[in-house]
1. When the helix-only estimate is applied to the chain (DSSP H runs of n ≥ 4, each -39,500 (n - 2.57), divided by the residue count), what is the mean residue ellipticity at 222 nm, nearest 500 deg cm²/dmol?
2. Give me the Kirkwood hydrodynamic radius of region 54-105, using the inverse of the mean 1/r over all pairs of distinct Cα atoms, in Å to one decimal.
3. Which one, Pro292, Pro34, Pro122, has the greatest fluctuation when you compute a Gaussian network model over the chain with C-alpha springs under 10 angstrom?
4. Which residue, Ser411, Asn271, Leu252, has the largest displacement toward the positive end of the dipole of the chain when charges sit on each Cβ (Lys, Arg +1; Asp, Glu -1)?
5. Taking the Cβ-Cβ separation of Ile278 and Ala205 as r and a Förster radius of 56 Å, what is the calculated FRET efficiency to the nearest 0.05?
6. Give me the compactness ratio for region 285-403, meaning the Cα radius of gyration over 2.2 N^0.38 Å.
7. For the chain, take the longest principal axis of its alpha carbons; what is the angle in degrees between that and the long axis of helix 45-64, to the nearest 10 within 0 to 90?
8. Kindly give Rg over Rh for the chain, based on alpha-carbon atoms, with the Kirkwood expression for the hydrodynamic radius.
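Since every read-out is calculated from the coordinates, none of them should be taken as a lab result. All values derive from a computational prediction rather than experimental measurement. Cβ sites come from the backbone with ideal geometry, for glycine too, and all protein chains shown count toward neighbours.
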Amino acid sequence: MSGPSTYEPKTAIERWLDVRLPIVRFGADLMDFPTPKNLNYWWTFGGILAFCLVTQIVTGIVLAMHFDPSGAGAFLSVQHIQRDVNYGWLIQGIHANGASMFFVAVYIHMLRGMYYGSAKAPREVLWLIGALIYLTMMATAFMGYVLPWGQMSFWGAKVITNIFGAIPVIGPPLTQILWGGFTVDSPTLNRFFSLHYLLPFVIAALVALHIWALHVPGNSNPTGVNVKSKSDTVPFHPYYTVKDSFAISVFLIMFAAFVFFMPEALGHVDNYTPANPIVTPPHIVPEWYFLPYYAMLRAVPDKLGGVLVMGLAILSIFALPWLDRSKTRSMRYRPQAKIYFAIFVLSILVLGFAGAKEVDDPVIPGLVSGFNTWVWPSRIFGAYFLAYFWIILPWILPMTETPLPVPESISTPVLAHPAAAPAGAAAAPEKKG
């Protein structure tokens, strides 16, 4: 819990402002927020995500000044930005690769939350807001991918929006609303551009709610043990501002490597050809961060069934706080849960790889068999993905696992670590016999 504010205005201007708009008090309370002292570097991805969001908003505003959201001009305006606008190549490269960096960070952030039990009570609302941010990110990224109006953008929009048409009753009219007509065309591009510009500000508002929700119960930590005394915490500044700054700097090295040395590595070659509604690309694929869902969608022969499976996969993320019924929060003390979690991460990676392949491509080259196609790994690991949420977490693990003893407080494992021993202190003598 954050507790009462300890901020005291020191100057006349601060006292005047504090009575009318206590923004300085708000900032000081954020910096002094008591934070568990055992947070590791997996917790720095929250700060990395905030950096990514600001970067995407700033570069997006600049790009919007030069972008032409029309079927005739969108593709050429992207080329104009890259070739003629001052530093346009850099701004466009940061924005395009920033979307991928954003999803790298958010996936690590979510997996960290699952591993350490950050979704469990009393942090259910915090997790739900985070899941809503992720869903809004997916919508924003999809609409942004359509804007360059290349072949993959156009046909990706056609395939994904057609998914909504499989929904009974509301599907066809919903698809027409998205299209702005009876097919993907300039009105679709205008709608997607408007929403792509708007949704990042919705994400920013949700992030503000996320931070507010975080400051009510406080941070979780690797042990999963609640804060019990002031000795379990340190102020957020300077301890974690420095740690987050270092992590962001390391993250920026990877980010810069893509922007300056391989800016097009995460794109698709077909997207450098203008959209042509009468020429279908050989293989239509979404961006890499949607590939696991795409693999599950294709794994089901029935179109509506595929949509339901994909929808259930996303719903599972929202339902996690109530599906994970173990009384022990952190998987650090749950050896059996670690094994299931490792297979879950593996299933995501396999689904991502399968989603990038043609359905009929052989898994083992040269082997002719009806089961040697990528549709079968998609079905097997897609089934495990759903079973992990709806069977393993709520039923198998609570009935079969025996967690290890959990420390009484956060300080116990910290002080027991060899690095916490005083300098020059002699090791405890070994017991003999």
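1. That comes out to -19000 deg cm²/dmol.
2. After inverting the mean inverse Cα-Cα distance, the result is 11.3 Å.
3. Pro122
4. Ser411
5. 0.85
6. Cα Rg divided by the expected 2.2 N^0.38 Å: 1.16.
7. Helix 45-64 sits roughly 30 degrees off the main axis of the chain.
8. Taking Rg over the Kirkwood Rh, I get 1.01.
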